[in-house]
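Chemist: Dropping the structure in here first, questions after.
The values are calculated or read from the model by the stated rules, or taken from the named source; none is laboratory data. Please read all numbers here as calculations on a predicted model, not as lab measurements. For neighbour counting, all protein chains shown are included, and Cβ atoms are generated from backbone atoms with ideal geometry for every residue, glycine included. We work out accessible area using only protein heavy atoms, side chains counted, and drop any ligands, DNA or RNA first. Shrake-Rupley method; radii C 1.70, N 1.55, O 1.52, S 1.80 Å.
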Amino acid sequence: VKRLLVVGGSSRIAREFAVLGIRGGWAVTLAGRNLGEMQICARDLQIRAGAEAVGAVELDLEAPVGGDALERVFSGSSDCCGLFVAAGLMPAEARMARDPVVFRQAAATNYLGPASLVEQFLPHAAKRDGSFASCLTSVAGDRGRPGNFRYGSTKAALSTYLQGLRCASPPGILIQDIKLGPVDTPMNSGNTRAPMMILPREAARQIWSGISRKQSKIYVPRRWRLIMAVIRVLPDAAVRALRL
Ligand SMILES: NC(=O)c1ccc[n+]([C@@H]2O[C@H](COP(=O)([O-])OP(=O)(O)OC[C@H]3O[C@@H](n4cnc5c(N)ncnc54)[C@H](OP(=O)(O)O)[C@@H]3O)[C@@H](O)[C@H]2O)c1
């Protein structure tokens, strides 16, 4: 059996992704910082997707990543050869500007935690064909903009890490960067400016499609690729004037 570890198991995108994974024949373990919540999400998944069993482990990306529970998932009886990192934090920019502890939390959760988790996963994944490590980054990482450059910079760091790792790893493993546009989840509640919002289920579907095509970097939805190509080349003065 191939096992998929889904990190940030309470995220709606993660849960929709896990449902599709189970339907595609994967055994799933959910990981998150609240074990009780992971167990509830696991039970919910079992019912929704008709899985025999869904695992749950505690994992806090802000703390040094590792420990016995994670090691058991990686070296258990089923081959853990799929990793999906949905976990992330998006505190208000003004809060991060005021409070360096909050900024540091976001950087640890969005960049250092996922990167060190991928490092630990890779030696196990290398044993099996079709292995993948897929991480949710953001279109916010493509260009520093006044409204979200602190959050965006943490996602840009993860994208750069994944890009380098891809070239340094054996070609058989898919190291995937998902550049996500706005998705209708609690992270976006109250964000009335977010354009072209899609549903978590649609995001999950497009991500699986990218995995099956072995695409190492995808924009979800795809139109963000073109939009960000334009935004990336705008001069600073235009970004300031347009208040992007
Ligand atoms: N929604 C969007 O528009 C959007 C756009 C671009 C990128 N993204 C990215 O997509 C991912 C999923 O976002 P979402 O919209 O589903 O947000 P969400 O509902 O807020 O989910 C975020 C997940 O991250 C987990 N998490 C936070 N800190 C953690 C930590 N220290 N250790 C482990 N898990 C932690 C949360 O767990 P708890 O339940 O414990 O809080 C939750 O499961 C994030 O990486 C986000 O940055 C989202």
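Chemist: Give the dimensionless ratio obtained when the Cα radius of gyration of the range 187-233 is divided by 2.2 N^0.38 Å.
Modeler: In units of the 2.2 N^0.38 Å rule of thumb, it is 1.31.
Chemist: Now for a separate question. Quick one: if the Förster radius is 51 Å, what FRET efficiency do ASP236 and GLU58 give, using the C-beta to C-beta distance and rounding to 0.05?
Modeler: Rounded to the nearest 0.05, the efficiency is 0.75.
Chemist: Out of residues 5 or more away from VAL54 or on other chains, whose amide H comes under 5 Å of its own, with H placed 1.01 Å from N in the peptide plane?
Modeler: none
Chemist: May I ask for the Rg/Rh ratio of the chain, computed from Cα atoms with Rh as the Kirkwood radius, given to two decimals?
Modeler: So for the chain, dividing Rg by the Kirkwood Rh gives 0.96.
Chemist: Quick one: which residues, 5+ away or cross-chain, put their amide H under 5 Å from the amide H of LYS217? H built at 1.01 Å from N.
Modeler: Amide H to amide H, under 5 Å and 5 or more residues apart or across chains, LYS217 pairs with ASP177.
Chemist: Ignoring ligands, DNA and RNA, what accessible area per residue does the chain give at 1.4 Å, in Å²?
Modeler: On a per-residue basis, the chain sits at 50 Å².
Chemist: Can you give me the Cα centroid spacing of the range 182-244 and the range 80-103 in angstrom?
Modeler: 17
Chemist: Which percent of the accessible heavy-atom area of the chain goes to carbon and sulfur, probe 1.4 angstrom?
Modeler: 53
Chemist: Assuming 0.36 nm per residue, please report the length gained on full extension of the stretch ASP129 to PHE149 beyond their Cα-Cα distance.
Modeler: Contour length minus Cα-Cα distance gives 3.5 nm.
Chemist: Suppose we flag GluC sites (Glu not before Pro) only when DSSP calls them loop and at most 16 other Cβ atoms lie within 10 Å. Which is the longest uninterrupted stretch of the chain?
Modeler: No qualifying site falls inside 63-244, the longest such stretch.
Chemist: What is the Rg over Rh value, at two decimals, for the range 1-118, using alpha-carbon atoms and the Kirkwood definition of Rh?
Modeler: 1.01
Chemist: In degrees from 0 to 90, rounded to the nearest 10, what is the angle of the helix 200-212 Cα long axis to the longest principal axis of the chain?
Modeler: Value to nearest ten degrees: 70.
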